[in-house]
Amino acid sequence: MSSQEVYVHDELVLVPATGWVRFLRHGRVLLDHASAAVAFTTHNGEHRTLAMAGHRVSYGLARDSVSISFADAQLELTWHIAVGDEVRLRLEATNVGSNPVLVDQMHVLDLSTAHGGSLGLTSAPKNWRFYQNGWQSWSPAYARSVADGVWVDPNTEDYATKHLPHPLSENPKVYSSEWFTVLAPNEQPGTLRSDPSVLLGFVTTANQLAEIRLELTTNRRFHALRAIAYADGYPLAPGERLTSETLLLATRTDPLALLERYATRLGETMHARSSAADWSGWCTWYHYYGEDTSDEVQKNLSVMNNEHLPLDLVLIDDGYETAIGDWRDVDAAKYPLGMKNMADRIRASERHPGIWTAPFCASSESRLFAEHPDWVLRNEAAEPVVAFQHWGKDIYGLDLSIPAVCDWLGALFRTLSNEWGYSFFKVDFLYSAALAQGRRQDPHLTRAAAVRKGLEIIREAVGDKFVLGCGAPLGPAVGLVDGMRIGADVHVEWQPFWPDLSAPSVSNAMLNSVTRSFMHRRLWLNDPDCLLLRPRGPNANLSPTETRFLATVASISGSLVIDSDDLAELTPERLDYLRCVLPPYEKSAVAADLFRNERPRTLVLPIETNWDTWTIVALLNWDNDPRVTELELAQVGLAPGTYHVYNYWHQQYLGAVRDRVTIEKHLAHEAVLLLLKRVSDRPQLLTSTFHILQGAVEVKAVRVENKHMSVELQKRGQQSGRLLFALPEGQEIARLLVNGRQRRPAPVAPGVWQTNIDLTDKAGAELLFS
């Protein structure tokens, strides 16, 4: 060991004379010349950065960790690093001077070629994928190609307010991801990786917004990699200390496994509420757009009852209030008996009443703002900061550092929960409490802490009732919300009206549902947004193929399946679409090609029951033209063998295959939903058409003994469907009973038979084989 180097196991090397740190993983250098720094403002307004890089540092060693310190006359920095299978880093700044300072940024990891830093990946940056996570629900998220891709910056003030919490530059080229990223070599099927995938992610997220930045030169060479926690000008008095969020560093061959590991660690640290029950329901927004009334809600309740639709939630969205902020001032023309009465009527139908608010906001025309103009966030010119526009009106963010605002917020949700009787709360536009331009009256409350404080108040008021976050900065919400919208709003159009990955549209909403699937039941229940199943017409421009795409991705991406149509206008066929995605399934499909395609094309959901196992695969065509799609079975984790293939939406058995499935005409904007089940030497229930997962939720038992098979189905509501059976060569169905009555099975293919069956809550079939 060199006297100039200090080793912590074989994973970290410190050079005390220069303050540099080298990180090694599995014997190879991963990060070289890494350091830490703090950006701050002195008491006389001077902007300064104190960095360990290039300075002699002191250090303290423990068995699996090291603490590195450096100080000047104003600040002392202490960098804590713990090594092991995962590396954890955090940074402390202590004011050792005689004057207060304002801490702006804490660089928990700083790696720059300007100081000799290098990233130990052998492939060129143009061959990298950078998982880019937007900061709030609607912000784009996907594994971005560093070389080229679908990224679009609309370059508007509205986009910057909603989606860019930190300023970005084009020189050097900056790739930014909020709280975490996975940096991976460009994955191609059948190739061996020479480089590992690298995870950098903050696993505490309560107090500071945080960002991972990859910076490249104009010719796309590596320039810097930084992990930054934003302290937002936190006042640090002499003798006080501020600690950053904790950063996790890990490597692995599989980048998707790293995303899952990150979500697991973050959920553990932040005590995620991820075990809530699944929800199915109906929402007023996407048909009425705020023009709903109590009569219209009652009409849809009647359809649910008459059609025996198993929808447990009725969510009253925006429009019942007289203005954003005046939540207890109900529009009497729409809800003349008030919102408590509406909740009572919903509950009388044996459903849960839900209500929408944007609780951190106030309209410029609201009574709340008129009476309390000092409650809203203001910029340095003391002007109210606009969070968004709502039907042409400016909406301001509230300052949650003001005690009176917090008292008002708690009283509001106690009214909604205890007095009005709502049990499901959709809280929207939560980013409004964390606007970058806003100045809080108490500067000790950072943007992240403001969002979390507001959610803590709501959680305390409603207890364990379900809270669904939307338009929410993701990190501070972990552990406080039960569900989270993870993509843009859906819309009655496939494409947005302008190039913007956050704009309302089916394609944008479903992209985030796919790319953030790993968060489901690790951080919360994922909410992909509502189903829109209405036929094409004046209020809808989705083709049947696009409608099925939405139904497929939304229903296999999370545990919230909520329709937002006028149910009275749905045709029998479209009501069947709704029935076949109910009830929700607790697990989410994952994108097998997340790091191969910016718009992933292959979703995989393995199904395990007490009677069989199979795999559901959704093949997605985002293109505007038909294509030929080939699925290699090995790419979705299937062991060598022969597999039955069933196309759900086409209700077509595609035969038994060994290596691959080919879809010769994969239509534009089509989701081809396949069941893949291994061929057996015993009689099998091949599939059920009552649910798109084809037996995972509605088939409760399948028993095969000697020459007899029995099938038990259970699902709320009324529905007609089919059961398909696969028999080994040489066997035939001698007798078939469906719901106690003898039926003649219909041949589908050699060894494959089907029968129609009606299900009203329960159904069954019995087969005797010759």
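Extending 7 Å from the Cα toward the beta-carbon at both Ala746 and Glu632 defines two label points whose distance is 3.8 nm. Scaled to the globular estimate 2.2 N^0.38 Å, the Cα spread of the stretch 298-408, given as radius of gyration, is 1.31.
Stretched out straight at 0.36 nm per residue, the stretch from Asp374 to Glu46 would grow longer than its current Cα-Cα span by 115.1 nm. Ordering Val376, Leu200, Ser720 by Cα displacement along the dipole of the chain toward the positive end leaves Ser720 in first place; charges were set at the Cβ atoms of Lys, Arg (+1) and Asp, Glu (-1). Straight Cα distances below 16 angstrom link Lys173 to the aspartates and glutamates Asp148, Asp153, Glu211, Glu215, with same-chain residues fewer than 8 positions distant left out.
Site pair Ala73 and Glu260 shows an inter-label distance of 5.5 nm when each label is modelled 7 Å from Cα along Cα→Cβ. The slack in the chain from Ser123 to Val679, taken as 0.36 nm per residue of separation less the alpha-carbon distance, amounts to 196.0 nm. Placing unit charges on the Cβ atoms of the charged side chains and taking the dipole of the chain about its Cα centre, the candidate lying farthest along the positive direction among Leu409, Gly267, Ala323 is Gly267. Helix 255-269 and the longest principal axis of the C-alpha atoms of the chain enclose an angle of approximately 70°.
Which FRET efficiency value, to the nearest 0.05, is calculated for Arg56 and Glu569 with the Förster distance at 51 angstrom and r the Cβ-Cβ distance? Intermediate results must be reported in sequence, preceding the final value.
Values: r = 74 Å, r/R0 = 1.45.
Rounded to the nearest 0.05, the efficiency is 0.10.
Relative to the Cα centre, the charge distribution of the chain, modelled as +1 at Lys and Arg Cβ and -1 at Asp and Glu Cβ, gives a dipole magnitude of about 2020 debye. Put the Cα centre of the stretch 97-170 next to the Cα centre of the stretch 371-394 and the gap is 28 Å. Taking each residue as 0.36 nm, the span from Ser169 to Ala348 lengthens on full extension beyond its C-alpha to C-alpha distance by 58.9 nm.
For the stretch 651-687, backbone nitrogen atoms closer than 18 Å to the point 7 Å from Leu768 Cα along Cα-to-C-beta are found at 683. Relative to the longest principal axis of the Cα atoms of the chain, the long axis of helix 544-555 makes an angle of roughly 60 degrees.
Across the stretch 6-270, the mean sequence separation of Cα contacts (distance under 8 Å, 6 or more residues apart), normalised by length, yields a relative contact order of 20 percent. Note on Asp623 and Asn647: their simple-model spin labels are 1.7 nm apart, each label 7 Å out from Cα toward Cβ.
Between the Cα long axis of helix 338-348 and the first principal axis of the chain there is an angle of about 50°, rounded to the nearest 10. Here the scattering of the chain is modelled by Debye summation over its C-alpha atoms, one equal scatterer each and no solvent; at q = 0.10 Å⁻¹ the log10 of I(q)/I(0) is -1.06. In whole angstrom, note down how far apart the Cα centers of the stretch 258-317 and the stretch 683-712 are. Distance between centres, Cα-based: 29 Å. Checking the cross-link pairs Lys340/Lys587; Lys162/Lys393; Lys677/Lys707; Lys162/Lys587 against a 27 Å limit on the alpha carbon distance flags Lys340/Lys587; Lys162/Lys587 as lying beyond it.
Applying 1/(1 + (r/R0)^6) with R0 = 41 Å to the Cβ-Cβ distance of Glu419 and Glu240 gives a FRET efficiency near 0.45.
Report the FRET efficiency, 1/(1 + (r/R0)^6), for Asp158 and Ala404, where r is their Cβ-Cβ distance and R0 is 35 Å, rounded to 0.05. Walk me through the numbers before you get to the answer.
Values: r = 29 Å, r/R0 = 0.84.
Calculated transfer efficiency: 0.75.
Read-outs throughout are calculated quantities, based only on the coordinates presented, and are distinct from any laboratory measurement. Please read all numbers here as calculations on a predicted model, not as lab measurements. As a convention, Cβ positions derive from the backbone with ideal geometry for all residues, glycine included, and neighbour counts pool all protein chains shown.
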